[in-house]
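To keep things clear, I will list the structure first and then write my remarks on it.
The values are calculated or read from the model by the stated rules, or taken from the named source; none is laboratory data. The model shown is predicted, which means the values in this text are computed figures rather than measured ones. Methodologically, a virtual Cβ is constructed for each residue, glycine included, from the backbone with ideal geometry; neighbour enumeration extends over all protein chains shown.
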Amino acid sequence: MGSTDIDLDADVVVVGAGMSGLYALKVLRERGFHVVVLEKAPAVGGTWYWNRYPGARCDIPSLEYSFGFDPELEQEWEWTEHFASQPEIERYLNHIADRYDLRRDIRLSTGVRSATFDERSDTWVFETEAGEHLRSRFCVMATGGLSAPHRPDWPGLDTFAGTVVQTSLWPEEGVELEGKRIGIVGNGSSGVQAIPELARLAEHLTVFQRTPAFTWPSQNKPLTDEEQAEVKARYREVRAQQYASPLATANTTGAVIFTFADPDRHILDSTPEEREAALAELGFSASRIWGDTARDLDANEMAVEMFREMVRRTVKDPEVAESLCPDYPLGCKRPILDNGYFETFNLDHVDLVDLRKDPVVEVVPEGVRTEKGLVELDVLIFATGFDAVSGALTRIDIRGRGGRLLREDWADGPRAFMGLGVAGYPNMLICIGPGSVGVLATYPPHIELQIGWISDLLCRMRDRGETSVEVEPDAEAAWCAHVEEAAQGSMFVAPTCHSWYNGSNIEGKPRTFPIYLGGLDRYMAKAREIAKNDYEGFVLR
Ligand code: NA7
């Protein structure tokens with residue numbers, strides 16, 4: 001039995017003041033806990049603070065990518081576009097911090113170096129990067145799924161005379177881009193969003209590409225008053241739909257026209273004429289309408305060929321077009337929404353370096369030297385992604401029972417029960433951790449469900465005088481096996497799929513897929529059943 005009379009700096013330390021951390025603070029404080037939030041950044045917002053590169057934008061409709069916990073907030077906040085830009089979402093999160101008086105419990109510019117579980121007192125001891133120590137009964141890791149930046153270590157990078165910057169660590173004061181010779185590395189969502197914007201500013205833009213992207217025209221546009229009013233008038237129904245759906249979506253995208261797969265329409269049964277008609281009608285979206293491409297690689301390859309055909313029709317230079325054609329399954333990497341990505345490569349001042357044909361040799365003071373020559377640059381931008389899902393946690397020295405280190409326990413891939421807790425690490429709860437539905441479900445409603453569940457658990461423990469909650473190893477093992485089973489046959493685990501989803505974007509990271517494909521609806525049903533069965537799978541004492 002842990003001691004209850006120990007001096008605590010907080011009942012709960014929350015790590016991170018992004019969406020999850022802000023909401024955790026609000027809810028747990030309202031439920032009577034003393035909460036302290038530790039945040040590495042000098043401001044709140046998490047992802048929406050750090051990723052302030054030109055073109056940064058959410059790919060989920062604004063009216064759904066927002067919190068539903070307060071109907072007044074929902075009604076008063078005005079979104080201006082179908083897909084909100086980074087500044088707008090950052091403003092929204094700052095508004096939340098102010099509206100609910102959250103800032104007084106948030107310590108900014110306070111990175112966490114280590115978190116160590118003290119078994120004698122059932123408490124966590126945190127050490128900040130400044131060497132400060134804090135003790136709390138519980139910790140909630142609100143550290144995000146895409147928050148540990150990854151940058152390749154190209155030889156000679158430190159000799160570059162110009163500016164080196166990462167999209168995921170974009171400086172608040174901005175970067176001088178106008179009239180510059182800009183190079184950008186990476187063609188995931190960040191690169192694809194930034195490239196058309198950079199082309200507008202640059203004297204010359206060079207895109208260094210390792211893997212071509214699947215990206216679809218976003219058809220983003222301003223939200224009209226009528227569209228916004230229509231959703232706001234039925235917001236409770238929209239939220240209920242989100243909370244109960246597999247991906248926390250409610251399809252309020254009517255005006256955006258984003259085509260989804262029709263389960264009864266099979267590309268393997270289609271004729272060339274049908275496919276051509278689909279291309280003529282839907283363009284790039286014609287590759288996404290087929291019901292048999294999600295789990296059949298032959299069907300998938302036919303859809304990929306339709307996508308490639310659209311690239312060839314859009315990009316004028318046949319050699320550039322060929323380099324931009326994806327050669328891996330559709331649905332393996334996260335689908336990207338863009339604003340004129342492929343068209344950008346038709347501009348005279350934009351070049352593509354296909355790193356598969358022309359690899360980088362080194363960075364020199366003047367720019368980047370590839371096998372074929374020197375690309376002179378003033379600014380070099382890395383849009384090279386994240387050590388996703390587990391990276392934010394393994395970068396902190398988290399020590400559980402007996403001094404075990406989370407980074408070592410996860411050396412073969414992250415393991416957690418429902419993504420919520422890890423065997424051997426009592427009193428540590430994770431918001432949207434490995435083995436949950438993760439980044440596949442729309443974050444704000446997803447966060448509300450997860451934090452709601454965590455706060456119910458902590459309230460119950462307080463009511464019963466319990467000081468320790470710990471995952472049972474068997475429950476964790478069974479859940480991990482279930483997560484693995486649910487992924488079988490999906491494109492995320494196809495041998496030809498390399499993506500941050502399965503860890504293969506990071507050199508040396510084991511290839512695992514710690515995301516539950518059963519859907520948020522089934523996941524939450526299981527979470528509620530666990531709670532109902534006296535937190536089955538956890539030991540409470
Ligand atoms: P992503 O989607 O992981 O994209 C990173 C890109 O950077 C991708 O094209 C990578 O190529 C490329 N990359 C990574 N390392 C290198 C090296 N060493 N050389 C060349 N190119 C490299 O990250 P994003 O930030 O764009 O998006 C992450 C998520 O945020 C996104 O899915 C949304 O959910 C929001 P690769 O494909 O690995 O060959």
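Observations
- Condition check for Ala161: away from the ligand (no atom under 16 Å from the Cβ), part of a helix (DSSP H, G or I) and more than 23 Å from Leu22 (Cβ to Cβ): no
- Residues that are under 21 Å from the mean Cα position of the chain (by Cα) and among the hydroxyl-bearing types (Ser, Thr, Tyr) number at least 2 in the following helices (runs of 4 or more DSSP H) confined to segment 1-114: 19-30, 47-50.
- Pick from segment 380-397, criterion assigned to a loop (DSSP other than H, G, I, E, B) and among the hydroxyl-bearing types (Ser, Thr, Tyr), ranking: nearest to the ligand (Cβ to nearest atom): Thr384
- Cβ pairs under 9 Å, 6+ apart, first in segment 321-335 and polar (S, T, N, Q), second surrounded by fewer than 20 Cβ atoms within 10 Å (Cβ to Cβ) and part of a loop (DSSP other than H, G, I, E, B): Ser323/Arg356; Ser323/Lys357
- Among (1) within 23 Å of the chain's Cα centre (by Cα); (2) within 11 Å of the ligand (Cβ to nearest atom); (3) surrounded by fewer than 21 Cβ atoms within 10 Å (Cβ to Cβ), the one test that Trp154 misses: (1)
- When Glu129 is tested against (1) more than 11 Å from the ligand (Cβ to nearest atom); (2) of a type in the set (Asp, Glu); (3) over 25 Å from Arg404 (Cα atoms); (4) under 25 Å from the mean Cα position of the chain (by Cα), only condition (3) is not met.
- Some residue of segment 184-194 being small (Gly, Ala, Ser) and farther than 17 Å from Val379 by Cα: yes
- Answer residue from segment 138-151, given it is of a type in the set (Gly, Ala, Ser) and either surrounded by fewer than 24 Cβ atoms within 10 Å (Cβ to Cβ) or assigned to a helix (DSSP H, G or I) (or both) and is farthest from the ligand (Cβ to nearest atom) among those: Ala148
- If you check Asn251, Asn187, Asn220 for being at pLDDT below 95 and surrounded by 18 or more Cβ atoms within 10 Å (Cβ to Cβ), only one passes: Asn220.
- Matching residues, segment 384-428, being of a type in the set (Val, Ile, Thr), surrounded by fewer than 24 Cβ atoms within 10 Å (Cβ to Cβ) and more than 16 Å from the chain's Cα centre (by Cα): Thr394, Ile396
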